[in-house]
Amino acid sequence: MFSIWTLSGVALVYLVVLFGVAIYGNKERENNNKQRPIVYSLALGIHCTSWAFYGTVAQSATYGWPFIPTYLGSIALFVFAFPLLLKIARVTQANNLSSIADLIGLRFGQSHVIAGIVTLICFIGIIPYTALQLVAITRSVNILLAEPSSWAGSTALYVSIAMSAFTLLFGTNSVGLADKHLGLMFAIAFQSLVKLIAFLIIGVFVCYVIFNGIYDLVGTTYPSTSETRQGHSSGHWIYLSHMLLGFAAMLCLPRQFQVNFVENNGEQELRKARWLFPLYLVGMNLFVLPIALAGEHIFSNQNISADTYMLMLPMMEGSSSVTLIGFVGGLAAASSMVVVSTLAVGIMLANNLVTPIWLKIQIRAFSQHNLSSATLMAVRRLTIVIVIALSYFYSVYVSQYSPLVNSGIVSMSLVAQFLPTLTLGLLWSRGNKSSFFVGLTAGVTLWALMVLWPSLSASAATPDELSIALGVFCSLLANFIAYIITAYLTPQPIKQLIATPTHSLQGWAIRFEHLEALSQRTLLSEQHENLFPQAVSSPPNDYASDQLVTQVELALTNQVGRSSAQILLNVIAETKPSEMHQLVDLVEDASQSYQFNQELLQSSIQHIEQGISVVDRDLKLLAWNQRYIELFDFPKELIKAGVSLAELLEFNAKRGYFGDNVDIDKEVNKRVEHIRNGSRYRYRRTGKDNRVIELQGNPMPGGGFVTTYADITEYIQAQKALEDAKNTLEHRVVERTQKIQQVNEQLHDAKLEADKANESKTKFLAAAGHDLMQPFNAASLFAAMLEQKTVDTELSQTSKGLVQSLNSAEDLLTSLLDMTKLETGVLSPKMRSFELREVTDSLAQEFGVLANEKGLELDYIPANVSVFSDSKLLKRVLQNLISNAIRYTKQGRLLLGCRRTKDNIFIQVIDTGPGIPEEQQAMVFEEFKQLEQNIQEQGQGLGLGLTIVDKISRLLEHPVTLKSIPQKGTSFTLSVTRKQLSTSKSELPAQRENATIGFLANKHIVVIDNDSQVLEAMRQLISSWGGTATCVAEESSLLNNSSELPNLILADFHLDHGHTGVQAVTNLFNAWGKSVPTILNSANYNEDIRQQAIDQGFAFLNKPLKAGTLKRAMKKAMEI
């Protein structure tokens, strides 16, 4: 379909844009710590690799899953296990961790060995997974090529080179591991957005271009594909296993750990992503099942892999643009995974294997190291290139052409073996190194036997996915059980992880000069100067503080990794001796600290509004503030440190604070004993000056008591005033409530009367309208025949005037019926998409004749555009507007046209009539309201036309606006929503056919109606059209006459004695044993009657019947 140059050009343009996005992200590095929830949430979309873009369709095609289980597992983690995510993020940020290997190693005693084992397993699991992305890109190129090309075989090589350059440029541009790769994050977020948009475009294309919507797609494809899915009775086990892997992938895969936790700028990003990322996954899942169903249906007899449906479906339809969009989406899904996975695994290899081993070799051989920033960068870049190179060779020489889903599951299930260690290690403190090794060994062994081996041995056929699913469950369950049992049998708990950094050399010490030399030799100059300012100096033999060691270790971890940082610190660590001068310094520091804290406490309580007194465990006054002295008016010489509480209480008792004529010693002893027992208390005391003091006492830890004293006199006075006001207010509320209840009862009675009157009016108008429609029907038919027979005679004008008068009367009655339906709420719009000219063409032709008869000119500008509305109600609105314009315009012209915007069509009816004054414009939409000049000039109408326009436009949600200038003219504008037709473009309504005499020649028509005038009118009309009419009031006389069946039945719905036209026609069909075309008509505008006719397969017309309308309905029914 495409040449190799076209695909190469598209890929090159995409890569240029990707590099541009990354460069823009790098420019944001000055705001390195700024939180970007949208970018972060989109970057999490790296979870959706080429497996998600292509392989999930194959999953859905095989099992008919409406929601991909790995997505559901990831969503479950963010929604239900969010505290676990927060804990990992906090520990990672606090300890400058750069990988899952660092985290697990830190959890188990900062073990280098465990970190190295985790790194090796990730390396083994990720190489096939990364190779899978290169295979996916190569396959997509081969599918899209119009003819084989020698260049196509090197697609994986070109992609590997491009991804290596991108990773090295934007992933290793900083020595610090904790530094955020903003350019990379922006690029990954952009790629996530690209693959989401591409997936949605292909989904919409399949549903609404290849098929006519979701319902059409499901109805067409589901029956033909159901047999394939019925054979998978064990699909629920596979579904649960994939959910578990989706949960584990978000925690254990190196690329997800890199984005989730290492690149995280703060908890705000994670909290926003808790909802944004699940929404992203829902979007990626939206069209998976429809695409799978479409592919299975269309390619049912072809040997086409379900992995390729994303490209094959648009290719089959010949849509080059959509196919290229699918290609770019797959390229984005694969390349983003390759970049971040190789970066994460490369850094893990460099930090936990290559650099530590190299350092140990150097230190043992030379007793020193020459590790510099340039060396570190070179090691990391080399490991990244090695990872990508191995992935390329694996994709070329090892990868088999197996389904993408199986390849992804095998790799993911290996890395998922870290899930028990990670979750139990973080949430349970009992685990240790032994439990890690035993659990991991059990899980990996079962994985190799039950997952890896069936996949490798299935060289010719697809591995049994149920076996793989059971292997996933069994390996993880064995891992969990072995971890827990071993933890109980070997009780060697390791300190639980906390989100506060501490150095790893507890019990050891590092001399200041050695630590400074290590920092200067290893760290960047800027980092070293921040840790060791020139102003800070220390004697050569002094030891560095724990705080400084922790800071240096964090800086080293950020630069060389945790394992290498510990190796470097262990080299210079030594046992710390106890020296007397240091103890003396500690005592002096403690004394100064105590004095400072005491002064700080005294200063603080002086500025508190309440009075405060503090006594020690011996009930001696220890601290107080000035407010305490003021509240009780103590003499200055009495209040001093060390005075007993009993002495202060006795002083107050003698002043009458405890009441008159009381036993002072008893009251003092009671209070002292209460405080000595450490009992809390709170009470109020009113003094002789009527001041109210609230006392609140609480014991202190280790003995002593603190009491606060608050003057609440104003509060008590305000409370009393509120109580008085409350009592008065309650009485007033009762009185007002009684009055309101009386008024409400009167309003309720008045409303019931108004509703009853309105209901009576509505019922009367509905009944009157129905009864009047019957004679109008007959009169209209007679008038139509009379007009036809008096052409070019003296009675021509008379018959024409009769027809116009009946039309006017019909318009008045129709307006009343419309108002009845609008007020009763029975009118409900039937919204659909249709060509606007279906409505406007017929209106222009119909009213063009009326305008010409009045000497006016109707200009019509057709618009080829589709709208979303109810065509009948829209036509009614425009009929009223154009009719009003013709009625009130004496001379000049009228215009019917449209103005377009992106989302709306504005239909305008403009006239050159007398105009409407601004102060009266709102009144014209009220019921039975007409302007005085219009009444005098026209003298017709009820003033309901614009009221009906207003009510119907509100019902349709089509706003109507009015602009008018007196003596200039008026413009009405109706705003209608544009909407593309969901099916092929409908044809414009055909032009009215000229009346032809004799089109019913040799046709027999049966007319059933309980109105004799209608029967006679119909007999004459049918005869004038050349047909034979049998007119009856009921069907009984026709039941036994089956020898000559009529060509058409025209039946009224309402017959005598509660009998209906539907029942009459059904009886005739049963008696004749055959059905004939039928038109049902009624003067009742109830939609239920129309629906009954449609359900029986009948045509339906409203009375009064128009000759032209009836003729067209007859022709259509008899297919003339």
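Cβ-Cβ distance below 8 Å, separation of 6 or more or different chains: which pairs start in the range 607-624 with a residue that is under 15 Å from residue 696 (Cα atoms) and assigned to a strand (DSSP E or B) and end on one that is modelled with pLDDT under 85 and charged (D, E, K, R)?
If the second residue must be modelled with pLDDT under 85 and charged (D, E, K, R), the pairs left are 611/627; 611/630; 612/627.
Give the range 1040-1089 a look and list any residue that's touching a helix residue (DSSP H, G or I) at 6+ places or on another chain (Cβ under 7 Å), buried (at least 20 other Cβ atoms within 10 Å of the Cβ) and part of a helix (DSSP H, G or I), or say none.
1068
Which condition number does residue 1074 fail, the rest of (1) within 53 Å of the chain's Cα centre (by Cα); (2) at pLDDT below 90 being met?
Among (1) within 53 Å of the chain's Cα centre (by Cα); (2) at pLDDT below 90, the lone unmet condition for residue 1074 is (1).
Identify, please: which residue in the range 185-216 is aromatic (Phe, Trp, Tyr) and either free of Cβ contacts under 8 Å to residues at least 24 places away in the same chain or assigned to a helix (DSSP H, G or I) (or both) and is, among those, nearest to residue 60 (Cα to Cα)?
Step one: of the range 185-216, the residues aromatic (Phe, Trp, Tyr) are 186, 190, 199, 205, 208, 211, 215.
From what's left, either free of Cβ contacts under 8 Å to residues at least 24 places away in the same chain or assigned to a helix (DSSP H, G or I) (or both): 186, 190, 199, 205, 208, 215.
Values: 186: 31, 190: 27, 199: 15, 205: 18, 208: 20, 215: 18 Å.
That would be 199.
Please work out which residue is surrounded by the fewest Cβ atoms within 10 Å (Cβ to Cβ), limiting yourself to the range 306-323 and to residues that are in contact (Cβ under 8 Å) with a residue 12 or more places away in the chain and in contact with a Pro (Cβ under 9 Å, 6 or more places away or on another chain).
Restricting to residues being in contact (Cβ under 8 Å) with a residue 12 or more places away in the chain and in contact with a Pro (Cβ under 9 Å, 6 or more places away or on another chain), the top hit is 320.
Table: residues versus (1) closer than 19 Å to residue 1101 by Cβ; (2) modelled with pLDDT under 85; (3) of a type in the set (S, T, N, Q).
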position: 804; (1), (2), (3): no, yes, yes
position: 810; (1), (2), (3): yes, yes, no
position: 831; (1), (2), (3): no, no, no
position: 857; (1), (2), (3): no, no, no
position: 867; (1), (2), (3): no, no, no
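Collect the residues in the range 954-977 that are within 18 Å of residue 866 (Cα to Cα) and part of a helix (DSSP H, G or I), keeping them in residue-number order.
956
Pairs only if they're at least six apart or on different chains, beta carbon under 7 angstrom, first in the range 49-76 and assigned by TED's automatic domain parsing to the domain that holds residue 339, second in a loop (DSSP other than H, G, I, E, B) and at pLDDT 85 or above; list them, first residue then second.
Matching pairs, first to second residue: 56/68; 59/68.
Within the range 1106-1117, how many residues are at pLDDT 80 or above and over 53 Å from the mean Cα position of the chain (by Cα)?
Taking the range 1106-1117 first, the residues at pLDDT 80 or above are 1109-1117.
Cutting the leftovers down to over 53 Å from the mean Cα position of the chain (by Cα) gives us 1111.
The qualifying residues number 1.
Here's the yes/no breakdown for (1) modelled with pLDDT of 85 or more; (2) over 30 Å from the mean Cα position of the chain (by Cα):
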{"residue": "310", "(1), (2)": "yes, no"}
{"residue": "318", "(1), (2)": "yes, yes"}
{"residue": "325", "(1), (2)": "yes, no"}
{"residue": "328", "(1), (2)": "yes, no"}
{"residue": "356", "(1), (2)": "no, yes"}
{"residue": "380", "(1), (2)": "no, yes"}
{"residue": "389", "(1), (2)": "yes, yes"}
{"residue": "414", "(1), (2)": "yes, yes"}
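Does the range 699-715 contain at least one residue that is surrounded by fewer than 14 Cβ atoms within 10 Å (Cβ to Cβ) and touching a residue at least 24 places away in the same chain (Cβ under 8 Å)? So that I can check it myself, show each step before the final result.
Initial filter on the range 699-715 (surrounded by fewer than 14 Cβ atoms within 10 Å (Cβ to Cβ)): 701-703, 714-715.
Pick out the ones that are also touching a residue at least 24 places away in the same chain (Cβ under 8 Å) and you get 702-703.
So far as the range 699-715 goes, yes, one or more of its residues are surrounded by fewer than 14 Cβ atoms within 10 Å (Cβ to Cβ) and touching a residue at least 24 places away in the same chain (Cβ under 8 Å).
From the residues in the range 22-45 that are among the hydrophobic types (A, V, I, L, M, F, W, C) and at pLDDT 90 or above, which one is surrounded by the fewest Cβ atoms within 10 Å (Cβ to Cβ)? Write out each step before concluding.
Step one: filter the range 22-45 for residues among the hydrophobic types (A, V, I, L, M, F, W, C), giving 22-23, 38-39, 42-44.
Right, trim to at pLDDT 90 or above and you get 38-39, 42-44.
Working: 38: 13, 39: 21, 42: 23, 43: 29, 44: 27.
Here the residue is 38.
Can you tell me which condition residue 514 does not meet? The list is (1) modelled with pLDDT under 70; (2) part of a loop (DSSP other than H, G, I, E, B), and all the others hold.
All conditions pass for residue 514, except number (2).
Restricting to the range 669-698, name every residue that is exposed (fewer than 12 other Cβ atoms within 10 Å of the Cβ) and within 55 Å of the chain's Cα centre (by Cα).
Residues satisfying the conditions are 680, 682.
Provide a single number: the residues in the range 416-433 that are assigned to a helix (DSSP H, G or I), at pLDDT 90 or above and either within 20 Å of residue 240 (Cα to Cα) or more than 40 Å from the chain's Cα centre (by Cα) (or both).
The total comes to 4.
Inspect all residues belonging to the range 170-185 and state whether any of them is surrounded by fewer than 23 Cβ atoms within 10 Å (Cβ to Cβ) and at pLDDT 80 or above.
Going residue by residue through the range 170-185, those that are surrounded by fewer than 23 Cβ atoms within 10 Å (Cβ to Cβ) are 172-180.
Narrowing further to those that are at pLDDT 80 or above: none.
Scanning the range 170-185 turns up no residue that is surrounded by fewer than 23 Cβ atoms within 10 Å (Cβ to Cβ) and at pLDDT 80 or above.
In this structure, is residue 637 modelled with pLDDT of 80 or more and more than 60 Å from the chain's Cα centre (by Cα)? Write out each step before concluding.
Working: modelled with pLDDT of 80 or more: no; more than 60 Å from the chain's Cα centre (by Cα): yes.
No, not satisfied.
The values are calculated or read from the model by the stated rules, or taken from the named source; none is laboratory data. What you see is a predicted model; the values in this text were computed from it and never measured. A quick note on method: Cβ atoms are made from the backbone with ideal geometry, for glycine too, and the neighbour counts reach across all protein chains shown.
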